[in-house]
1. Averaging the inverse of every distinct alpha carbon separation and then flipping it gives the Kirkwood radius. What is it for region A:142-233, in angstrom units?
2. At a temperature of 20 °C and a viscosity of 1.002 mPa s, determine how fast region B:1-158 diffuses translationally according to Stokes-Einstein, using the Kirkwood radius over alpha-carbon pairs as Rh; express D in µm²/s, rounded to the nearest whole number.
3. Inside 10 Å of the C-beta atoms of B:253-260, what's the mean count of C-beta atoms belonging to other chains?
4. Which shape class applies to region A:29-149: rounded if a/c is under 1.5, otherwise prolate when a/b exceeds b/c and oblate if not, where a ≥ b ≥ c are the square roots of the Cα gyration tensor eigenvalues?
5. Top mean-square fluctuation among B:Tyr216, B:Tyr307, B:Tyr179, Gaussian network model of chain B, C-alpha springs under 10 Å?
6. Does region B:220-317 come out rounded, prolate or oblate by the C-alpha gyration tensor, with a ≥ b ≥ c the root eigenvalues, rounded set by a/c under 1.5 and, if not, prolate when a/b is larger than b/c and oblate if not?
7. Would you mind getting me the FRET efficiency between A:Arg107 and B:Phe162? Use the beta-carbon distance for r and R0 = 45 Å, nearest 0.05.
8. Any idea what diffusion coefficient chain A gets from Stokes-Einstein, in µm²/s, Kirkwood Rh on alpha carbon pairs, 10 °C, 1.306 mPa s?
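No value in this document is a laboratory result; all are computed from the given coordinates. Please read all numbers here as calculations on a predicted model, not as lab measurements. We place every Cβ from the backbone using ideal geometry, glycine too, and count neighbours over all the protein chains shown.
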Amino acid sequence: MIEINGVSHSYGKSKILQNISLSIKESGITALIGPNGAGKSTLLSLMTRLQPLQTGSISFDGQSVSQTPTRELAKTLAILRQDNALSSRMSLRDLVGFGRYPHHKGRPTAKDHRAVDEALDYFDLQTMSDRFIDEVSGGQKQRALVAMAFCQETKYLLLDEPLNNLDMYYARSLMKRLREIADTGKRSFVIVLHDINYAGAYANEIIALKDGTLAIHGTPQDVLETKALQTLYSMEIKVTQHQGQLVALHHL
Amino acid sequence: MKNIGVAIVALFALSCFSLFVGVKEISLSDWWQTPQNIDLFFISRIPRTLAVVLTGASLAVSGAVMQMLARNSFVEPSSVGTAQSAALGILLVTLLYPGSPLIVKMIVASITAMIGMAVFLAMISRLPVTSPLLVPLVGLIFSGIVEALTIFIAFQTEMLQFQGTWMSGEFSGILRGRYELLWLCGVLAILTYVVADQFTIIGMGKDASVNLGLNYKQVVIVGLFILALSTSLVVVTVGMIPFVGLVVPNIARRLMGDNLRASLPWVAVLGALLVLVCDLIGRLVHFPYEIPVGTVLGVIGSFVFLYLLYARPAHAR
């Protein structure tokens, strides 16, 4: 269980987050949505200790992010950042392998190699595993980074817009895979998503932020609804149903 | 893995060759025949060759580590003010405590090198990540300022000639008893290899390091410490040698990528090879006189560096 209590954050005078309190259940996919500048990425980076907390507290299974040693947290939670300015020239296999670092501390065992191979297989990267990261496409790089986070084998995986750079084929297949993993009950995901239809189709729960405050925390049915979307995005979005699946026609 | 054995054999062969290059002609068949020859070997030729190899490996490894810490492949300790700060330290300690032993000079040089590096890293952390070429430029300006300050102080205190020995590196003064500190560089290089993964992760950036459970600050400080120590060791014993730390890690990166665990052996061997070749050129081109290795490297290194800059600008970082 992830517990967020009274978290506020500001840069200089501008308030990014205001008094966010919520708890996220174990297992399943939680989507974090909201318009640009709502504070989604900031919340995610606070949750993953990439930025120090100013006020409030955040804990994963009772482990406080501000007090637990960072090497312990690295076995509990992993993050994939949105602005991944990764410029290291590394083969995909080596890159994914570094996801195992929290477990082997530089001395990989057979188990670690197996985990890397599994991750490469799972994300269709095996055939290009010896290519360097600066020699593959943006989408392949993105998949390699997801595979690296996956390889870290943490109970919680936080992904900031993982569908960036992915075409429709890989975007859907990535979400399907994450759903598969979530359904085994072993891992839980918090995913920042821009496309509310992906959120509606794959998430168990949706957390919507607006102007740094918690706007909605509920099921896809609570959010994929014209009135809720109107308050969130300040635009009229028709919602229809297709074979029982809610679809927001946000592009029309 | 590409065959590093070939590179090691080449290094060994060139090292043997280096033993037989010198003013006194000694051949393979008679080096052990007179006591003078044996003395010459153990007092001058072997120490010099070892010093060259250790220095080359150490400079290249330092360059690779610095490029990870700065997250920029166009920096090395002698182009961003670290070696210059070490030289300033040596000058200051020589002025304030004349006659202090080499080890004291080295410690003071390490401290000033560390300060110089911290200042440089603090400056580049404020630069936009989108313009990677600003980093080496800021480094060049900073090292220019430190060097100018050093020369000014040396000039005012009539130490210019003395200062020159630290500023341009050469091996002609290396004898038994005057190079052994360089073994410490070898130890530091091995230490670097032991924690290579941590430096590789640091090179991926702060967020990636924290995500993988690394104490970012602590690893950077360890890196700064290793760099400051090995840089000042080289400056104290042979003087400043440019370009090795810059070009060798870049060549190794082309071959092996950024994973230091895989590339560091290459970095060390290629660095030793490069300095050895340049030292041999310096010894042979104007035989029996010598051209300092720093000068030879200045010429060769700048061409290689230009090539690396222009060959694949898309991957500059």
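1. 14.1 Å
2. The Stokes-Einstein estimate is 114 µm²/s.
3. 5
4. Note, shape of region A:29-149 comes out oblate.
5. Of B:Tyr216, B:Tyr307, B:Tyr179, the most mobile in the Gaussian network model is B:Tyr307.
6. Oblate.
7. It comes to 0.40.
8. It comes out at roughly 84 µm²/s.
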